[in-house]
Amino acid sequence: MPDLAQLKQKYRNRDRVVHAIACDGTIRASVVVSTVTAQEAQRRHSLEPVGAVLLARALSAASAMASFLKGEERIIVEAKGSGFIRTVYAEALQLGEVRGFVEYNANVNGKSSPLGKGVLQIRKILYNKAEPITGIVELQAGNLTTDLAHYFWQSEQIPSGVRLDVTLGDDGKIECSAGIIVQALPGADQVQLRRIYQFLDSIGSLCELVRTGYNAEEIARQTLPADITLFSSTPVDFFCRCTKERFKELLLGIGEEELIHMRQVGQNELVCQYCGARYYLTSEDFDELLEQLRASRN
Ligand SMILES: [Zn+2]
């Protein structure tokens, strides 16, 4: 029988993002606690601490921004740099699914500026738009926090307070990850805004609030003025929609010759870049794919 106390603990520990508004809708905020998601990402991709921290921030940012969207609308946060980290990628759906990965530059050393020079690109995939809405800014600090605030100001002209906080344990593993985005919408009161930004500056780290037992909603209530309305509160999970079947559909695109070659050299492992899942093609899978290719040719 499942232990009720354990289940309750698990539910309490589940990551969550809340979207709240205040001051008659002139200020909005999204708060995410993404610890479990970030830990899962680090484990799946076997990340060293620097990459794990940057990915945790990107996952927080994507989840927080996605909470401003609808249903299956998506946000992609992608930083590309020339440092020893080449790519930090996170993708989130409004309904709480998030996934992401880190890519390294093999020949670059030094950890002082992990991403080095580069860009931050934000893509929004929205229901009513045929093409993704894309904004790109140059990396400022390469920590993603400053870069995201800069993006909002430069690309969307929305003054925003951003914090993406991560703490690591002595073992280099993610201990806590949390983020907040506060945005001034048209008509926002400057005095209120200044108070919010000052509050965000004054707290050492969101992780300290999390450690003392605050959840995402309580952090939103602490940060925003009293007349807060909770718009949504959504559990967040590291989740990827990849399946072996989807991979097989993609393989049909590479053609018969390449498939035969893969089979001959025993290349049967498929790894999902986004979540690290591994799938293995059996002899039957190869037969099925080749048959489908031949059938489509006739
Ligand atoms: Zn996957």
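The values are calculated or read from the model by the stated rules, or taken from the named source; none is laboratory data. Predicted model only: the values in this text are computed from it and were never measured. FYI the Cβ positions are ideal-geometry reconstructions off the backbone, even for glycines, and counts take in every protein chain you see. Side chains are part of the model used for accessible areas, which takes the heavy atoms of the whole protein and leaves out ligands, DNA and RNA. Shrake-Rupley method; radii C 1.70, N 1.55, O 1.52, S 1.80 Å.
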Starting from the residue with the highest accessible area, list GLU175, GLU48, GLU288, GLU78 in decreasing order, probe 1.4 Å.
-> GLU175, GLU288, GLU48, GLU78
Using Cα pairs closer than 8 Å and at least 6 residues apart in sequence, work out the relative contact order for the chain, in percent.
-> 22
Write down the accessible area per residue of the chain in Å², having rolled a 1.4 Å probe over the full set of protein chains.
-> 52
Could you order GLU72, GLU91 so the one with the most accessible surface comes first? Probe is 1.4 Å.
-> GLU72, GLU91
Given the Cα-Cα distance of ARG211 and ALA141 and 0.36 nm per residue of separation, how much length would full extension add, in nm?
-> 22.5 nm
Rounded to the nearest 500, what is the chain's calculated 222 nm mean residue ellipticity when only DSSP H runs of at least 4 contribute -39500 (n - 2.57) each, over all residues?
-> -11000 deg cm²/dmol
How would CYS207, CYS23 rank on accessible area, largest to smallest, probe 1.4 Å?
-> CYS23, CYS207
How long, wide and thick is the chain, going by the Cα atoms along their three principal axes, in whole angstroms, largest first?
-> 70, 53, 44
Report, to the nearest 10°, how far helix 190-202 tilts away from the longest principal axis of the Cα atoms in the chain, using its own Cα long axis and a range of 0 to 90°.
-> 70
Reach of LYS124 by Cα under 13 Å, taken over aspartates and glutamates that are not fewer than 8 positions away in the same chain = GLU72, GLU73, GLU78, GLU91, GLU156
Using a basic spin-label model with each label point 7 Å from the Cα along Cα→Cβ, how many nm lie between SER202 and LEU252?
-> 6.1
Per-residue accessible area for TYR214 at 1.4 Å probe radius, Å² rounded to 10?
-> 70
Report PHE247's accessible area, 1.4 Å probe, all protein chains in place, as a number in Å² to the nearest 10.
-> 40
What percentage of the solvent-accessible surface of the chain, computed with a 1.4 Å probe over protein heavy atoms, is contributed by carbon and sulfur atoms?
-> 50
Work out, step by step, the length gained on full extension between THR282 and THR243: first 0.36 nm times the residue separation, then minus their alpha carbon distance; give nm to one decimal.
-> 12.6 nm
